[in-house]
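First the structure, in the form of structure tokens, and then the observations on it.
The values are calculated or read from the model by the stated rules, or taken from the named source; none is laboratory data. Please read these numbers as outputs of a predicted model, since none were measured by experiment. In this analysis, Cβ positions are derived from the backbone assuming ideal geometry, glycine residues included, and neighbour counts consider all displayed protein chains. Heads up: the accessible areas ignore ligands, DNA and RNA and are worked out on the full protein's heavy atoms, side chains in. Shrake-Rupley method; radii C 1.70, N 1.55, O 1.52, S 1.80 Å.
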Amino acid sequence: WNYASDFFLDETLGKSIVLAVGGLFVAVAAYVIRYFNFQLRRNGDMLHTSHGLLTVRQGTLARNRIQALKLEEGLLRRWLGMAAVRVDSAGDRQQVDENKNRDVLVPVAMLEDAHEVARQAIPGLKNVAPDWSRVSRIAILRGSRKGWLLVAMAMLQTYAVAGWLCVAWIPAFACVYLLNYKWYHNSGYWLSNDYFLWRSGWINRSTVCL
């Protein structure tokens, strides 16, 4: 016990771990306080939200003002079968461009429920997970070329400093190709007369509806 306490209080690594864990707890607590008792209601073509523990926030959004909708599935959310739903509405383009932020329609929900929210939010949207069309396989090579160029530059710099140790970078060429292949395998689009859907992401997946 004494060794553990000395490690976490005195060692730099221990302090970093304590700060990281503490920051995680603070972020989770802030998230819970902000979205406590979250409620989403639909009244005709109007969507109403309310949430908050210390300060109750309420919002109203007309469905016909939604220009884009995004389902976000981070790694942990994907493991739990959950997703968040965000929207861009007409009139807030400056906010989105400057703050890189979208309005939260649902902070987190089971994936099935998130899909239903998306269908309720956008009139006429029936399927959020259709049979995706793939982009051209040429995209794998195009993406790999950029990564290979960076690896080649790293090899040259390493050769200038450490000589033939630069060969340690060779496996990186295969890794670059694998990453681009995984991106291709997890990307797809679907186009109808009214909507365009785009899915991308291997670790953190997102689906955008325009």
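Figures for the structure shown
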item: Options Val135, Val128, Val176; residue that is in contact with a helix residue (DSSP H, G or I) (Cβ under 8 Å, 6 or more places away or on another chain), closer than 30 Å to Asn43 by Cβ and of a type outside the set (Gly, Ala, Ser); result: Val128
item: Hits in segment 46-57 (condition: without any contact (Cβ under 8 Å) to a residue 40 or more places away in the chain and either closer than 21 Å to Ser89 by Cα or in a strand (DSSP E or B) (or both)); result: Met46, His48, Ser50, Arg57
item: Filter result for the condition that a residue is under 23 Å from Val28 (Cα atoms) and of a type in the set (Asp, Glu), over Asp113, Asp45; result: Asp113
item: Residue count, segment 186-210 (criterion: touching a helix residue (DSSP H, G or I) at 6+ places or on another chain (Cβ under 9 Å) and open to solvent by 80 Å² or more (accessible area, probe 1.4 Å)); result: 3
item: Among the residues listed as Ala160, Ala174, Ala129, Ala168, the single one being in contact (Cβ under 8 Å) with a residue 60 or more places away in the chain, open to solvent by 40 Å² or more (accessible area, probe 1.4 Å) and small (Gly, Ala, Ser); result: Ala129
item: Residue ID - modelled with the highest pLDDT, chosen from residues in segment 93-106 that are under 23 Å from Met82 (Cβ atoms) and among the charged types (D, E, K, R); result: Asp103
item: Residues located in segment 34-80, provided they are open to solvent by 30 Å² or more (accessible area, probe 1.4 Å) and at positive phi; result: Asn37, Gly44
item: Any hit, segment 107-119, residues being small (Gly, Ala, Ser) and at pLDDT below 90; result: no
item: Residue within segment 140-152 that is open to solvent by less than 100 Å² (accessible area, probe 1.4 Å) and of a type in the set (D, E, K, R) present; result: no
